[in-house]
Amino acid sequence: SYLMLSLDAQKSAYKGLLKQKSIENVEICLQRLDGTPVWVQAYLNLVDESATAGIIVDVTRRVHAERQLANLSSHLMKLADDRRRRLARELHDMVAHHVSAIAVQAQAGRAMAGQRPDAALEALAVIEGGTWRTLAEMRAVVRVRGPSAPAGRRVLEHPDRACAAGPG
């Protein structure tokens, strides 16, 4: 099947060739007689004003493969961004819930501190337990749904469990 190149495109290519004396590694999209696009890579040298020598290689498959790869990469990046957004939203909702509960307990402890110090201590124990539960749930969410922590990075543990694990 022959390639069709408009007269204007032919003139433009020839003018460029006259100026530079050679065209190397230029990709051009041409059109077959049936209308389908063909990508070619051209290497042309001007022999004299009436003769041109060169090679034209069909690179249509490579160009299509590069475009498909770019589209796939873009799609995968969007999926990864969506996953990060869902994880961030889930973590935010969980932390906001627990922090709200901790704030209520702290207010209750402060209100009772003057009259009932034992109740204030109990509120502090509930707050401490809530913070450790929140941290454990956050680690579980990130471990299941997100990337793992970098090697050598210490994660804050409950004091009772940190000693059993040994130094970090």
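The values are calculated or read from the model by the stated rules, or taken from the named source; none is laboratory data. Quick caveat: nothing in here was measured; it's all calculated off a predicted structure. Glycine also receives a Cβ, built like all others from the backbone with ideal geometry; neighbour counts cover every protein chain displayed. Heads up: the accessible areas ignore ligands, DNA and RNA and are worked out on the full protein's heavy atoms, side chains in. Shrake-Rupley method; radii C 1.70, N 1.55, O 1.52, S 1.80 Å.
What about Arg85, is it modelled with pLDDT of 90 or more and either touching a Lys or Arg at 6+ places or on another chain (Cβ under 7 Å) or within 30 Å of Glu137 (Cβ to Cβ) (or both)? Steps first, answer last, please.
Details: modelled with pLDDT of 90 or more: yes; either touching a Lys or Arg at 6+ places or on another chain (Cβ under 7 Å) or within 30 Å of Glu137 (Cβ to Cβ) (or both): yes.
Spelling it out, Arg85 is indeed modelled with pLDDT of 90 or more and either touching a Lys or Arg at 6+ places or on another chain (Cβ under 7 Å) or within 30 Å of Glu137 (Cβ to Cβ) (or both).
Give me a count of the residues in segment 118-168 that are farther than 30 Å from Arg85 by Cα and at pLDDT below 85. Lay out the reasoning, then the answer.
Of all residues in segment 118-168, those farther than 30 Å from Arg85 by Cα come to 118-126, 159-168.
In the following step, the residues that additionally are at pLDDT below 85 were identified as 159-168.
Qualifying residue count for the region: 10.
Among the residues making up segment 83-126, those that are assigned to a helix (DSSP H, G or I) and among the polar types (S, T, N, Q) are Ser100, Gln105, Gln107. Checked against (1) open to solvent by less than 70 Å² (accessible area, probe 1.4 Å); (2) without any contact (Cβ under 8 Å) to a residue 24 or more places away in the chain; (3) closer than 18 Å to Glu137 by Cα, Ala101 passes all but condition (2).
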